[in-house]
Amino acid sequence: MSVTRNFVFGVALALSVAFAAAPRAAFALGSTPVTVVNPSVPVTVGNPDDPAAFAKAQGIQHPFQTVIICSNLGNGCSGSLDLASSNPNQRLIIEFVDAQCSMAPGASLFEVTIRNTGSGVEILHDLAIHDHLGVTLEAGTDHAHNQVPLAQLVRLYADANTTIVVNADAQTSNNSQSFASCALRLSGQAIDP
């Protein structure tokens, strides 16, 4: 009896291994086979070293980059970009913002904002500041200043022919305002109407 049982077990094991190793078509439940037709036009792959071609391959109409200088006003800074003159009749999608802000030694950068109009609504966006004090450069000289870097992924929409305004404010340890100046770099895409 045990010989018959071992024989049956051996045959079943051999059949399962043979069945598992055999090539066959795989279908998901409820799926139908897909036929791939190779067109006569070759598929073109964008060149990542050419930003315009790479952006076009990703469906971006016009790559957009600019720098807005936030000029020192004595108690912070302000700067703007007039889209009517820089990108007339195009909407912007701002996707990345980075900045380098300078202020008096010992001062703390407490606010960097971008104000824009999207879908006819003006709104103020606060950027995240991870290190409010930054690093002191040129210490011990008349040019000493703190420098704070920022970088943030965003998704901000700006209507055509509107103005984007950036502001930054710094404060000293005794709560008095400090000079601040920033260079904000915006990257994204411009969309035709």
Simple Cβ-charge dipole of the stretch 52-191, Lys/Arg +1 and Asp/Glu -1, about Cα centre, in debye nearest 20: 440 debye
Percent of alpha-carbon pairs separated by more than 20 Å within the stretch 52-191: 48 percent
Phi to ³J(HN,Hα) by Karplus 6.51 cos²θ - 1.76 cosθ + 1.60 over the stretch 92-106, Hz, x for Gly, Pro: 10, 10, 8, 10, 8, 10, 9, 8, 10, 10, 10, 7, 4, x, x
Relative contact order (%) - criterion: Cα under 8 Å, at least six apart; region: the stretch 52-191: 44 percent
Karplus-derived HN-Hα couplings along the stretch 68-77 (A = 6.51, B = -1.76, C = 1.60, θ = phi - 60°), whole Hz, x at Gly and Pro: 10, 8, 9, 7, 5, 10, x, 10, x, 8
Sequence of L186, L109 once ranked by neighbouring C-beta atoms within 10 Å, starting from the fewest: L186, L109
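Here, each number is a calculation from the coordinates, and none is a lab measurement. Computed from a prediction, not measured in an experiment: that's the story for all the values here. With ideal geometry, Cβ positions are generated from the backbone for all residues, glycine too; neighbour counts draw on all protein chains shown.
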